[in-house]
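Quick notes on the structure that follows.
Any read-out appearing in this document is the output of simple, stated calculations on the displayed coordinates, not a laboratory observation. All values reported here derive from a predicted model rather than from experimental measurement.
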Amino acid sequence: MKKWQIVVLVIAVAVLAAGIGAYAATNYGTQSDPLVAMSYLEKVLGPKMEQQLDEQIAEAAEQYKSQYGAEAGGFSVVQLPSGGTLSVGEGCEIVLRSGACAASGALVDVTSGSELASGGALTANHLYVGSGSGVTASANSTLLVRGAYSVS
């Protein structure tokens, strides 16, 4: 008889557990008992996510400006000291405004429609297009540059 009572007790516990599980599964997140309070979403989580998103957008915009700013917009003014080197990427545009510079690699002189060989002097106010080469200043110089470049 005792064995029969244990079996009935186990079955009753199993049915009770199944009923509680079914009730919990069908009644989660109701209007009266939400999973997450709306006030938490509006006052804590929402502003935090907006702040993180704003920071990521600002960081991406700054990175874009630093990488493509001169390419997308106008020319950047570059002061090149005597002996300084301006290394340019392919398609980078250079205009010598003042000073004296020599090409350190071939440059295309768009203004005159010719090629400036390595070591040739740049002419003031001529537009040059770089092909992965650069410019070396023999005097303090001011250049206008559009595209990817680095100064050393």
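Structural remarks
- Remark: the Leu127-Ala24 segment gains 29.6 nm on full extension, using 0.36 nm per residue and subtracting the alpha carbon distance.
- From helices alone, the chain scores -12000 deg cm²/dmol at 222 nm; the rule is -39500 (n - 2.57) for each run of n ≥ 4 DSSP H residues, then divide by the residue total.
- Amide H partners (placed H, <5 Å) of Leu116, local residues excluded: Leu107, Val108, Asp109
- Rounded, prolate or oblate (a/c below 1.5 giving rounded, otherwise prolate when a/b exceeds b/c) for segment 75-151 by Cα gyration tensor: rounded
- Helix 2-26 and the longest principal axis of the Cα set of the chain meet at an angle near 40°.
- Counting only alpha carbon atoms, the long axis of helix 46-72 and the longest principal axis of the chain meet at about 20°.
- Residue-span extension gain [Arg97 to Ala37] - 0.36 nm each, minus C-alpha spacing: 15.2 nm
- Label corresponding to mean projected area of the Cα convex hull in nm² when calculated from the structure given, among (i) 19.3; (ii) 9.1; (iii) 11.6: (i)
- Amide proton proximity set for Gly134, modelled H, under 5 Å, gap of 5+: Val88, Ser104, Gly105
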